[in-house]
Structure formats: C-alpha cells, structure tokens
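The values are calculated or read from the model by the stated rules, or taken from the named source; none is laboratory data. Bear in mind that the values here come from a model prediction, so they are computed numbers and not experimental data. Glycine also receives a Cβ, built like all others from the backbone with ideal geometry; neighbour counts cover every protein chain displayed.
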Amino acid sequence: MLEEYAHGLYHVLVMSTPASLPISFALHTYLVTIAPNGSIDRFDVFHSKTLHGTARRVGYVYHNALPPEEGLRTLHGVPSPRFSTRVIGVCSGAAGSVACALHDVVGGSLDSYPYTDHYAFYPGPNSNTYVQWRINQVPDCTIQLPWNAFGKGFSPALQ
C-alpha cells in the first residue's frame, strides 16, 4: 500500500483501523509520514503507557510502536488476528508545501501534544484527538476525520 507514494515528496497519511471488539464500529486513527528519502514513521496514541516496549514513547504517544500498515487486534488484550488498515486522508507535496509543513509538525516533538499523559476512549483525549490536533497545527491542511473517529472534537471543557 505505501509503495505507491513517490520518493522525492513529503507524504502524510491518516490511517485508520477499527477499534478492538466490541467497539469496532469506532475508528483508531494514526499518522504515517513518508519523507522524500523514503523513510517511513508511524505516530499513534494507545490506551496504555506500557504497550510496545521497544517503541519511543512519551506518555500515551508512541513513535513506531507498530509497522505502518498493521491494524489493532480484533480482541483487546489477547493474541488475536489484526484488523486491516486503510488510508483515509493524504497530504502530499514538495518542500515548502502544506505536506512538508504537516510532515514537520507530525515528526516534531512527541511531548508537544498537550494530552500526552491523559487518555479516555470517550470523549477523549485518544488517538483521534491526537491526529486531529496534529492536523489543526497546519491550518491549510484540509484532511477531515470521519464521524466515527470519536474524540476528534475533544476539548477539556467536555470533561
């Protein structure tokens, strides 16, 4: 799936996978960046601070905890098959483009996210809050998360 993105450009992909059963109607979104040199990175928020022991992590925010195209497990907390993933938003461009700006924002410091130490499935903050927050850092980015990306509209006033 990721092979189709041209080298020499910046790409930021919003990827999604269903949340684990029984709430698989909800989406878990995450960000994948592809640099002009072809390097690929994944940025997620997970519900636990103890997952994926070898990944770089700040609070609930993970860098490269899973391969870019690997979905969540169908059953939470037990070995089970993984859901598939799909691209639900793409921003691509050369140096100086919106894609370049978004790539830099996403690849920036993990601890710049204001909710690194807070997680709640509903109303958030969660993975969808993180993705929406990163998108909002680049006002010209037009990627929109779908209705079932619960937490995308999280605000501290909702708590």
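See the values below:
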read-out: Any hit, the stretch 126-133, residues being closer than 25 Å to residue 2 by Cβ, in a helix (DSSP H, G or I) and aromatic (Phe, Trp, Tyr); value: yes
read-out: Flag if residue 71 is closer than 18 Å to residue 18 by Cα and surrounded by 14 or more Cβ atoms within 10 Å (Cβ to Cβ); value: yes
read-out: Restricting the stretch 7-41 to residues that are in a strand (DSSP E or B) and β-branched (Val, Ile, Thr), the residue that is surrounded by the fewest Cβ atoms within 10 Å (Cβ to Cβ); value: 40
read-out: The stretch 101-119 residues that are farther than 14 Å from residue 60 by Cα and at pLDDT 95 or above, paired with ones that are crowded, with 18+ Cβ neighbours inside 10 Å and among the polar types (S, T, N, Q) (beta carbon under 6 Å, 6 or more apart); value: 103/33; 106/33
